[in-house]
Amino acid sequence: MTTALRRRTVTARIDTSKPPALAPAAYTATVVVNTAPGNFDGYQHHHPLAEVTHPDGSPLRLTFYASSRIKDHEATADAAYCVGNRQGADDRDQTWPTDVRSVSTGDVVKVTGPNHWIVYLSVDPVADLADTP
């Protein structure tokens, strides 16, 4: 007994007219607030810190996509400072929790860049414009 076999050819068409969409490069910022007495005098290495969280206890990770405004770790920290002072949202529409104080002198912003470099930046006092020559 013989069995007949049929050969089928399947052709796949791959559209190469546009490149695949890549995820945009993103920076994430995590703010840790200085909980030491006198925390507004600036951060010292022995000061206790507390990570800012959502009301459900999950960590607040602010996300900012690389753009003409967000070019580096410092620009990301500045954007996180603005969100932390209730002046808008991050690029995923996350806002600052209402039950957390605003970002102030002595707090620390941890920024992770798209290349996975991590930079910690301390929030310093803002110079009084009257003191500027």
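Taken as a whole, the structure leaves residue 8 outside the set of residues that are of a type in the set (D, E, K, R), open to solvent by 100 Å² or more (accessible area, probe 1.4 Å), out of contact with any Phe, Trp or Tyr (no Cβ under 9 Å at 6 or more places or on another chain) and at pLDDT 75 or above.
Residue count for segment 76-122 satisfying the condition of being touching a helix residue (DSSP H, G or I) at 6+ places or on another chain (Cβ under 7 Å) and at positive phi: 2. Filtered by the rule that a residue be buried (at least 19 other Cβ atoms within 10 Å of the Cβ) and under 27 Å from residue 36 (Cα atoms), segment 64-107 gives 73, 76, 77, 79, 80, 81, 83, 84, 96, 103, 106, 107. Based on what the data block shows, is residue 83 more than 13 Å from the chain's Cα centre (by Cα), hydrophobic (A, V, I, L, M, F, W, C) and outside any loop (DSSP other than H, G, I, E, B)? Spelling it out, it is not the case that residue 83 is more than 13 Å from the chain's Cα centre (by Cα), hydrophobic (A, V, I, L, M, F, W, C) and outside any loop (DSSP other than H, G, I, E, B).
Test residue 17 against the stated conditions and say whether it is hydroxyl-bearing (Ser, Thr, Tyr) and modelled with pLDDT of 90 or more. Lay out the reasoning, then the answer.
Working: hydroxyl-bearing (Ser, Thr, Tyr): yes; modelled with pLDDT of 90 or more: no.
It is false that residue 17 is hydroxyl-bearing (Ser, Thr, Tyr) and modelled with pLDDT of 90 or more.
I'd like to verify a number: residues in segment 28-63 that are open to solvent by less than 20 Å² (accessible area, probe 1.4 Å), farther than 10 Å from residue 107 by Cβ and within 16 Å of the chain's Cα centre (by Cα), how many? Going through segment 28-63 one residue at a time, the tally reaches 5.
Quick check on my filter: what residues within segment 110-130 are part of a strand (DSSP E or B) and either modelled with pLDDT under 95 or open to solvent by 30 Å² or more (accessible area, probe 1.4 Å) (or both)? Give the derivation first.
To start, the set of residues in segment 110-130 that are part of a strand (DSSP E or B) comprises 110-112, 118-122.
Passing the criteria: 110, 112, 118, 119, 120, 121, 122.
The values are calculated or read from the model by the stated rules, or taken from the named source; none is laboratory data. As the structure is a computational prediction, the values presented were derived from the model and not from experiment. Note that we place each Cβ from the backbone using ideal geometry, even for glycine, and neighbour counts take in every protein chain shown. Surface areas here come from the heavy atoms of the whole protein model, side chains and all, with no ligands, DNA or RNA. Shrake-Rupley method; radii C 1.70, N 1.55, O 1.52, S 1.80 Å.
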